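*Asks:* Here it is: the structure, laid out below.
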Amino acid sequence: MKKLVVLTAALLLSVSAFCQELDNKVYFRFGYSIPSWNYFELGKDGWDSDVTKLGANFDLGTIIQVMPIGAGDQMSIGLNFDIAYLSFSRFQTINDEEGTLQDGTGEDLVDDSGEDLIGYGSTANLGIFRAGSKIGPCLTYCPGRRTAIDLFAKADIAWATLMMPYGKDLGDLDDKYSASVTLGYAAGLNFRYGKLMIGVEYNAINPKLEYRKERGTYFQQQLVFMVDTGDDYTFEFPESDLGKKESKMRNLNLTVGMCF
């Protein structure tokens, strides 16, 4: 990992020095992130019908122009580097039935005294927080003096990922899962007019979410599915997931920001 950091820093310094006189840009942007229903490979049918989802993201980055391509100066190839990004995704459900919510094993969520951990009418949230950097090539087309379109593909380096439940009246339901450096990818485009920057980006990453209280135990290995047996429902581990450590995460990010 140290070699990766040193190599990235050296590359940025050398490219920046080479491109001092080109029209390089620094930007910040934020926006709405749409988590896929295929988080954790569950698919739409793997979530309860009353679950809702949303997300948000923030990027601070730069577009470094390396060289013009083609005739004229309308197109160029460069390097798009998100120096830092923050990403948040949330899945939410409300306990609107008498009794208790159940965890992934079908057991009631109660503490040692038998009290409900999530009370009737309470909201339970599953939050996924991620911080990292992204870097990759960028193709820029400038149809006008103040207008530019950037098409990019980037390696996503998530320095840290944290997944945790949160909400009111959760009691002892505080299981946290985390992952350190994880590599993924992102692709998308930006439309720039003057200082305004609007973009769309698809992001995919598979962190190994390890249980904070029990090392060597991963969230993906703990997932169980409810199976219809005819007269009743049972919970079981799918055989294909028993050896998995990575949790699939996919987001579509819609952003707006300023570019200087």
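*Asks:* Tell me, yes or no, whether the range 100-109 has at least one residue that is of a type in the set (A, V, I, L, M, F, W, C), modelled with pLDDT under 50 and not in a strand (DSSP E or B).
*Replies:* Yes, that holds for at least one residue.
*Asks:* Just give me the residues in the range 50-90 being within 13 Å of Tyr32 (Cβ to Cβ), touching a helix residue (DSSP H, G or I) at 6+ places or on another chain (Cβ under 9 Å) and in contact (Cβ under 8 Å) with a residue 60 or more places away in the chain, in sequence order.
*Replies:* Ser89
*Asks:* Of the numbered conditions (1) open to solvent by less than 40 Å² (accessible area, probe 1.4 Å); (2) assigned to a strand (DSSP E or B); (3) of a type outside the set (Gly, Ala, Ser); (4) modelled with pLDDT under 95, Leu170 satisfies every one except a single condition; which is it?
*Replies:* The single condition Leu170 does not satisfy is (2).
*Asks:* Within the range 220-236, is even one residue open to solvent by less than 60 Å² (accessible area, probe 1.4 Å), in contact with a strand residue (DSSP E or B) (Cβ under 9 Å, 6 or more places away or on another chain) and at pLDDT 65 or above?
*Replies:* yes
*Asks:* Could you please let me know if Ala204 is in contact with a Pro (Cβ under 9 Å, 6 or more places away or on another chain) and modelled with pLDDT of 90 or more?
*Replies:* Values: in contact with a Pro (Cβ under 9 Å, 6 or more places away or on another chain): no; modelled with pLDDT of 90 or more: yes.
Considered against the rule, which asks whether it is in contact with a Pro (Cβ under 9 Å, 6 or more places away or on another chain) and modelled with pLDDT of 90 or more, Ala204 comes out as no.
*Asks:* Just wondering, is there one or more residues in the range 44-63 that are within 19 Å of the chain's Cα centre (by Cα), in a helix (DSSP H, G or I) and modelled with pLDDT of 50 or more? If you could, list the steps in order and put the result at the bottom.
*Replies:* Here is the first cut: in the range 44-63, the ones within 19 Å of the chain's Cα centre (by Cα) are 44, 47, 51-61.
From the residues that got through so far, the ones that are in a helix (DSSP H, G or I) too are 44.
Narrowing the set further to residues that are modelled with pLDDT of 50 or more leaves 44.
Yes, the range 44-63 contains at least one residue that is within 19 Å of the chain's Cα centre (by Cα), in a helix (DSSP H, G or I) and modelled with pLDDT of 50 or more.
The values are calculated or read from the model by the stated rules, or taken from the named source; none is laboratory data. All of these numbers come straight from a predicted model, not from anything done at the bench. Backbone-built Cβ (ideal geometry, glycine too); neighbour counts: all protein chains shown. Only protein heavy atoms, including side chains, enter the accessible area calculation; ligands, DNA and RNA are left aside. Shrake-Rupley method; radii C 1.70, N 1.55, O 1.52, S 1.80 Å.
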